[in-house]
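A short write-up of the structure that comes next.
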Amino acid sequence: MTKPRLSTPLYVITEPALRDPVESVRLVLEGGARLVQLRAKHATARELAQMGQAIRALTRRYGALFIVNDRLDIALAVEADGVHLGQDDLPVPLARKLAGEAFIIGVSAETLEEAQRAEAEGADYLGVGPMFATTTKPDAGTPIGPERLRAIKQAVSIPVYGIGGITSQNAPLVMQAGADGVCVISAIIGAPDPTEATRQLLSMLAKPPNQV
């Protein structure tokens, strides 16, 4: 089995406090998103599995990639395309041993050292941040800003997505710093019309970085 390729600049992450995850995914897929993550920090394993199965059906229908946050067991159970791991989650080599080479493994990184270690251990992409102040993740650290993302991007060869407090206003700064894409939560999931918000951000991200 060939590993799916991360080829889209927009990575949408769910937030149950803002909108139902399954409904969120349906709306952003209609808007053109093709990379989504199920993130529901306070959901039970049973709830995550139920949401994951529904989202897997939707992403298959739209030809989109589906990532599960933190929980490799849930990701494998619902046949997701990958898992996103934090610094305190299962180490990448162990996740790879369980999931196989064709499985996408993303890792959160805040520092150059974390980014380089994740790549060395076999991560397929990095979620770098928090780029800006964010209310979606209360335990997020101090914003790192575009310059640190630039340094990380120059030091690794895997795709780098900026995450944390990203909006249509500051997304251009992230892309100009060299990011392969942006992870967006509240700016899309919390928008009155997530489908239209997705379309608008995708249109912006389709422009060359110096024209975004």
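Filter segment 156-188 down to residues that are among the small types (Gly, Ala, Ser) and either under 17 Å from SER7 (Cα atoms) or not in a loop (DSSP other than H, G, I, E, B) (or both), then give me how many there are. Spell out how you get there, then give the answer.
Within segment 156-188, the subset among the small types (Gly, Ala, Ser) is 157, 162, 164-165, 168, 171, 177-179, 181, 186-187.
Filter once more, keeping what is either under 17 Å from SER7 (Cα atoms) or not in a loop (DSSP other than H, G, I, E, B) (or both): 157, 162, 171, 178-179, 181, 186-187.
Count: 8.
Residues in segment 36-52 include none that are within 13 Å of the chain's Cα centre (by Cα), at pLDDT 95 or above and acidic (Asp, Glu). Please indicate, with yes or no, whether at least one residue in segment 172-189 is surrounded by fewer than 17 Cβ atoms within 10 Å (Cβ to Cβ), touching a residue at least 24 places away in the same chain (Cβ under 8 Å), closer than 24 Å to VAL25 by Cα and out of contact with any His (no Cβ under 8 Å at 6 or more places or on another chain). No, segment 172-189 has no match at all.
Please verify whether segment 106-129 includes one or more residues that are over 25 Å from PRO146 (Cβ atoms) and aromatic (Phe, Trp, Tyr). No, that holds for no residue.
Counting the residues of segment 1-14 that are modelled with pLDDT of 95 or more and under 19 Å from ALA57 (Cα atoms) gives 4. Screening ASP139 against (1) in a loop (DSSP other than H, G, I, E, B); (2) surrounded by fewer than 24 Cβ atoms within 10 Å (Cβ to Cβ); (3) modelled with pLDDT of 95 or more leaves a single unmet condition, (3). In segment 91-105, how many are buried (at least 20 other Cβ atoms within 10 Å of the Cβ) and touching a residue at least 40 places away in the same chain (Cβ under 8 Å)? Here the count works out to 2.
The values are calculated or read from the model by the stated rules, or taken from the named source; none is laboratory data. All values reported here derive from a predicted model rather than from experimental measurement. Neighbour counts run over all protein chains shown; Cβ positions are idealised from the backbone, glycine included.
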